[in-house]
Amino acid sequence: MDFEDVLKLKTPDDLWKYMHENIRYGWTNKNGEFREYNDPRQYEEYYFHSPKETVERKSGVCGDQVLLEKSWFDHHNIENHIVSFGFKDDTGKRIGGGHIFLLYVVDRKYYYFENAFAPCANIVEFDTLNELIGTAIAAYLVATNNTDKTDRLFVTFDGHLTIGNNTNRDYAESINDKDVFAEYIEDVNKGIKMF
């Protein structure tokens, strides 16, 4: 299946199933070699991939997969938003280390769409935007043993990812500057809806 075929998939469930069965978490360098996410060569070899590259290489980290998802939802005129979050250092500088995911909206319901982060890979419906974002972040913090870092979190909504930038070096710069975590902190602290 090529990128144009992926765009022809009919429903969000179809897209999720395709991605879950075909897109591995990790990345493929320009020589076609698959790398695990934490491979030290990431700093020299990795950049955000276009949706077409993600389909062709059958791999992608969270940012790559979100760009593919966004392309599909935009193609089908379904409202969607990118949410990214990460951590700040002691000086308040954003250092990344978090996650990027996509949500979509249909009939005033909010849907978490996740393939990249395996512990939470699913489509889950929520009644409110805050509940979705708060729950997704809380689930990530628990799954990655980072619940002690809520005071260092930042969250951006509808930031942009720049294809071609290295994730770790340019993460903060490639996301918009507005930190909206204060809007979701209460929902993060409420606990986690089971996925």
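The values are calculated or read from the model by the stated rules, or taken from the named source; none is laboratory data. Remember, it's a predicted structure, so these values are computed and weren't measured experimentally. Positions of Cβ are backbone-derived with ideal geometry, glycine not excepted, and every protein chain shown enters the neighbour counts.
If you go through region 47-61 one residue at a time, do you hit one that is out of contact with any Gly (no Cβ under 6 Å at 6 or more places or on another chain), among the polar types (S, T, N, Q) and closer than 23 Å to ALA139 by Cβ?
no
Just to check your reading of the model, which residue among GLU131, GLU79, GLU114, GLU125 is modelled with pLDDT of 85 or more and crowded, with 21+ Cβ neighbours inside 10 Å?
Testing whether each residue is modelled with pLDDT of 85 or more and crowded, with 21+ Cβ neighbours inside 10 Å leaves just GLU114.
Out of all the residues in region 26-45, which are modelled with pLDDT of 75 or more, of a type outside the set (Asp, Glu) and either surrounded by 15 or more Cβ atoms within 10 Å (Cβ to Cβ) or in contact with a His (Cβ under 9 Å, 6 or more places away or on another chain) (or both)?
Across region 26-45, the qualifying residues are GLY26, TRP27, THR28, ASN29, ARG35.
Mind checking which residues of region 72-91 are free of Cβ contacts under 8 Å to residues at least 40 places away in the same chain and touching a Phe, Trp or Tyr at 6+ places or on another chain (Cβ under 9 Å)?
Result: GLU79, ASN80.
Here is a check on your reading of the model: is GLU79 acidic (Asp, Glu) and farther than 18 Å from ALA118 by Cα?
Criteria met by GLU79.
Sort out which residues of region 46-68 are among the small types (Gly, Ala, Ser) and surrounded by fewer than 24 Cβ atoms within 10 Å (Cβ to Cβ), and write them in order of number.
SER50, SER59
Starting from region 1-18, take each residue that is hydrophobic (A, V, I, L, M, F, W, C) and modelled with pLDDT of 95 or more and list its partners that are surrounded by 11 or more Cβ atoms within 10 Å (Cβ to Cβ) and in a loop (DSSP other than H, G, I, E, B), counting only C-beta distances under 8 angstrom and pairs at least six apart or across chains.
LEU15/LEU9; TRP16/ASN115
Condition first: hydrophobic (A, V, I, L, M, F, W, C) and modelled with pLDDT of 90 or more. Can you find one or more residues in region 90-98 that meet it?
Checking region 90-98: not a single residue is hydrophobic (A, V, I, L, M, F, W, C) and modelled with pLDDT of 90 or more.
Of everything in region 1-25 that's more than 17 Å from the chain's Cα centre (by Cα) and not in a helix (DSSP H, G or I), which residue is surrounded by the most Cβ atoms within 10 Å (Cβ to Cβ)?
Out of the qualifying residues, it is LEU9.
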